[in-house]
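The values are calculated or read from the model by the stated rules, or taken from the named source; none is laboratory data. Just so we're clear, the structure is a prediction, and the values are computed from it rather than from any experiment. Heads up, the Cβs are rebuilt from the backbone with ideal geometry, glycines too, and the neighbour counts pull from every protein chain shown. Heavy atoms of the whole protein, side chains included, go into the accessibility calculation; ligands, DNA and RNA do not. Shrake-Rupley method; radii C 1.70, N 1.55, O 1.52, S 1.80 Å.
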Amino acid sequence: MTPAGLQPVAELRRRRLLVAGLNLATLGALLYGLTHLLAAGGWTVADMLILVAFVLGAPWSVLGFWNAAIGLWLLHGTRDGLERAAPFAGASEIPVPLGIRTAVLMTLRNEDPARAIRRLEIVQQSLDATGEGHWFDFFLLSDTSDPAVAAREAELARAFAARIGPERVTYRLRADNTGFKAGNLHDFCARWGDRYELMLPLDADSLMSGEAILRLARAMQAWPKLGILQSLIVGMPSRSAFARIFQFGMRQGMRPYTVGSAWWNGDCGPFWGHNAMVRIAPFRDHCILPVLPGRPPLGGHVMSHDQVEATLMRRAGYEVRVLPVETGSWEENPPTMLDFARRDLRWCLGNLQYLKLMDLPGLQPTSRFQLAWAVLMFVGLPAWTLMIALLPVKAWQDAGLPGYPAGLAAGLYLAVLAMYLSPKLAGIADILLTRGGTARYGGSARFLASALIEMVFAFLQGAVSSFRTTLFMLGLAAGKVRIGWNGQERDAHALSFATAFAGLWPHLLFGLAMLGALALLSPTLLLWSLPLTAGYVLAIPFAMATASPALGAWLARRGLCAIPEDIAAPTEIAALRSDGRA
């Protein structure tokens, strides 16, 4: 018999209806104002395109606003907010002895073997230090295609096994990477899954503390209905200015957002593919991904496997939850704008494949919504690009229009900007309202200065990312896109002008055309547009500056854009630093 869920179904339904109502009301109000604004000079083709683009682009910002607002209220407006969002959190903190075996899996494909395996060793040492390490074995699951890299992996795996015992370490090299990472995990489940109840997938850049892993394992042991329990993953210290600034923004902004999202997602939570505890039997039996019809890139094996696996786990009657607290779960962020874009485009393609999965039978309504939402996350980016591209057209059409509602236009613009920034603003408020919060970031002055730096960074980076995604999706429609699954660049490195120009010259041309047209037609509109358009013309120097190790070192010396691990390094981070790897 399936154990009872962590929350009453009726309670989750009420929460979801409330969030849906808030979002629809907010979006309706914005659309009402926008239609009034667009109709001021009579409807044109440009007006209709802007309206359609807004319908596609705005919902993501609206939901982000309500997630952040609900999360901030739960954290600081209630006494039991975290328990409401994660009712299992208390049980996970009780230090009961473990009684279930877990396989810790690190998936590899053409990564730096020494770098990756050192992280797995630190995880093992941290687990053993808890006194519960005997419940965990370690697997290196390689899809590496480079013979020299594979040979080095095998050599380091043998050395790892010699240090802790060959019965605790297994290295496996697949002949090909059929099914990508999902295929790698299911190969493990077929060969060794019967030996373990749980598995903990890790990426090559993952790091977790033993206590964080025990917290997940205890929750899974206490609640047999939990199929996947995702930890809250945060970035680790980096020498790269780009990664340092990016993860500062993610770190202080993600807690309210994730708590708010978990409050209504409930048992249909997220799975990010790594740093999560997964119950093997239902994963093996119910989470096999379909091969999509048609040719690649949209057909074939699913690239973004994680959210699909979460929906299938929920369909099988098991809950998927996130633990929305910082628990010692880390990853590395891309060191440059171009590396970030490459990763983002792979995610974009994987999410677009979900269009072929919308008709999967038996999915929970919230799970189906999440698949659609993952698609909309990337569809919304070219929608915003289209709205920005039509600004000069609207400036020309509405020039000299009597009675133009300029106040309404400014109000709508500021409202949408505020919603876009709301997760960041909620994160800043969360840190300021938490006792000792700013001290963890180096003090109030450094924290507020860093927040300002990151906000400027976010606007510039957002313009670059959205335009690059737009170009990618145009290429996808034209059948000119090919993306593979390979190792990633993870260490800080500079970008030459030639490299930055080769990747970002279209952004520069688009930005010059946009700003030039607005300068001629409406200098006032040009000034208002700069938060959204400056990133186009500054894309090349922005990419070069934020890739510079010298800028990263300068920020570090001044304690700017620091995260708590920069101020007080946990044992696991300190171990990497001692190796010169963090």
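In the full protein context, the chain carries 40 Å² of accessible surface per residue, based on a 1.4 Å probe and ignoring ligands, DNA and RNA. Counting heavy atoms of the protein chains alone, Arg342 has an accessible area of about 130 Å² for a 1.4 Å probe. Counting Lys and Arg as +1 and Asp and Glu as -1 over every other residue whose Cβ lies under 13 Å from the Cβ of Arg15, the net charge comes to +2.
Say the dipole of the range 84-223 comes from +1 at the beta carbon of Lys and Arg and -1 at that of Asp and Glu; which of Phe136, Leu207, Leu185 then lies farthest toward its positive end? Working it through, the farthest residue towards the positive pole turns out to be Phe136. For Val291 and Ser145, a Förster radius of 25 Å and the Cβ-Cβ distance give a FRET efficiency of 0.75, rounded to the nearest 0.05. The charge dipole of the chain, taken about its Cα centre with unit charges on the Cβ atoms of Lys, Arg (+1), Asp and Glu (-1) only, comes to about 340 debye.
Ordering Leu34, Ser529, Pro365 by the projection of their Cα atoms onto the charge dipole of the chain, which places +1 on the Cβ of Lys and Arg and -1 on the Cβ of Asp and Glu, puts Leu34 at the extreme positive end. Can you work out the FRET efficiency for the pair Thr44 and Ala519, with r the C-beta to C-beta distance and R0 = 25 Å, to the nearest 0.05? Calculated transfer efficiency: 0.65.
Only protein heavy atoms count here; on that basis, with a 1.4 Å probe, Asp359 has an accessible area of about 120 Å². Taking each residue as 0.36 nm, the span from Ile100 to Ala399 lengthens on full extension beyond its C-alpha to C-alpha distance by 100.6 nm. Here the gap between Arg152 and Asn23, fully extended at 0.36 nm per residue and compared with their Cα-Cα distance, gives a gain of 41.3 nm. Model label points for Leu433 and Tyr32, set 7 angstrom from Cα along the Cα-to-Cβ axis, are 2.8 nm apart. For the range 339-454, the gyration tensor built on C-alpha atoms gives an oblate shape. Its axis ratio a/c (a ≥ b ≥ c) is at least 1.5, and a/b is not larger than b/c. Listed values for the range 62-75 are Karplus-derived 3J(HN,Hα) couplings in whole Hz (6.51 cos²θ - 1.76 cosθ + 1.60, θ = phi - 60°), namely 5, 5, x, 4, 6, 4, 5, 5, 5, x, 5, 5, 5, 6, and x replaces Gly and Pro. Taking 0.36 nm per residue of separation and subtracting the current Cα-Cα distance, fully stretching the chain between Arg577 and Ala159 would add 148.3 nm.
Neighbours of Ala374 by Cβ distance under 14 Å: Lys/Arg scored +1, Asp/Glu scored -1, total 0.
Compared with the dominant principal axis of the Cα atoms in the chain, helix 210-222 is inclined by about 80°. Highest-first packing order for the peptide set 244-256, 307-319 is 244-256, 307-319, based on the mean count of other beta carbon atoms within 10 Å. Close amide-amide hydrogen proximity is noted between Tyr171 and Leu140, each under 5 Å apart and 5 or more residues distant or on a separate chain (H modeled in the peptide plane; Pro and chain starts excluded). Of Ala543, Ala502, Leu49, which is farthest along the charge dipole of the chain in the positive direction, counting Lys and Arg as +1 and Asp and Glu as -1 at C-beta? The residue sitting most towards the positive pole is Leu49. Here the chain has 64 percent of its accessible surface on carbon and sulfur atoms, given a 1.4 Å probe and all protein chains in place.
Computed from the Cβ-Cβ distance with R0 of 41 Å, the FRET efficiency linking Arg558 to Ala418 stands at 0.90. What is the chain by shape, rounded, prolate or oblate, if you read a ≥ b ≥ c off the alpha carbon gyration tensor as root eigenvalues and call it rounded for a/c under 1.5, prolate for a/b larger than b/c, and oblate otherwise? Prolate, because a/c is 1.5 or more and a/b exceeds b/c. By definition, a body whose alpha carbon gyration tensor gives a ≥ b ≥ c is oblate when a/c is 1.5 or more and a/b is not larger than b/c, and the range 221-377 fits this oblate description.
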